[in-house]
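K.L.:
Below: one structure in structure tokens.
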Amino acid sequence: MRNFNLGYYHQFILPENIEIQENLKVTLQYIWNRKYDDLSEVGGNSDLEEAFEELLETFGKPDNIKQHRRSIYLAWAMALATQSIIKHYYPHDNSFYQVEKQVKLSLIQGYKNVNNLANQLFPNINKIGKYQAVDEAYNILYNCLQTLDPKLAYQSVLDILYDGITGEAIAGFSLPKRDIFNWLLIEVIPYAYCLQLPPNIYLEKYQIILPQKVC
């Protein structure tokens, strides 16, 4: 099993307090051990987008209520990690809190009337802004809202993963992207599978914060 010298997540250690299916555990291990060119790893010859697709195939596509909720928790965890980037550039922007409010409401009350939520909150999502990191952070928030619609959830989660892991929405230039990917594999995915937020949220400069309880 690969170990890493940089970052916070050095070893493949899954949470002890939750249970996931063996096939998901094996997939997580297999994906962990590969090297990825998109993550600037020396000798990287694996395709990161293919890894995301393999992961979600085992994780469970949003074909029923439980699997749909897993997608929402995964998306929400990634959205939580964009906070420091958005606050850094736009301290008074409250779009993150509006997204979080809608996610909580949907988890508690069900997934009614979620159409066009993302477009209403982010009407200029396709326009290029001043900062690439913020554009990618907004894309993650936008797609987090899109996951509330079961028909859009799968592709929206793929888009979130690509922006969050390869882009600057979480780390900017300050962190090795492989470490964020490791956080995804051994914390975000296992907890989302069990319909929970991970105990740690990855923020810029190796900050780790505890998420609020959902309900």
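The values are calculated or read from the model by the stated rules, or taken from the named source; none is laboratory data. The structure displayed is predicted, hence computed values, not measured ones. We place every Cβ from the backbone using ideal geometry, glycine too, and count neighbours over all the protein chains shown. Side chains are part of the model used for accessible areas, which takes the heavy atoms of the whole protein and leaves out ligands, DNA and RNA. Shrake-Rupley method; radii C 1.70, N 1.55, O 1.52, S 1.80 Å.
K.L.:
Any idea which residue in the range 86-139 is least open to solvent (accessible area, probe 1.4 Å), counting only those that are charged (D, E, K, R) and not in a helix (DSSP H, G or I)?
P.N.:
The selected residue is ASP93.
K.L.:
Name the pairs whose Cβ atoms lie under 8 Å apart, with the first residue in the range 121-133 and at pLDDT below 85, the second in a helix (DSSP H, G or I), and 6 or more positions between them or separate chains?
P.N.:
Taking only residues 6 or more apart or on different chains, the pairs are ILE128/ASP135; GLY129/ASP135; GLY129/TYR138.
K.L.:
State the number of residues belonging to the range 11-29 that are in contact (Cβ under 8 Å) with a residue 12 or more places away in the chain and out of contact with any Ser or Thr (no Cβ under 9 Å at 6 or more places or on another chain).
P.N.:
Matching residues across the range 11-29 total 8.
K.L.:
Additional query: Output the number of residues of the range 23-67 satisfying the condition of being under 17 Å from the mean Cα position of the chain (by Cα) and either at positive phi or open to solvent by 20 Å² or more (accessible area, probe 1.4 Å) (or both).
P.N.:
The qualifying residues number 10.
K.L.:
Condition first: without any contact (Cβ under 8 Å) to a residue 60 or more places away in the chain and closer than 26 Å to ALA133 by Cα. Can you find one or more residues in the range 60-81 that meet it?
P.N.:
No.
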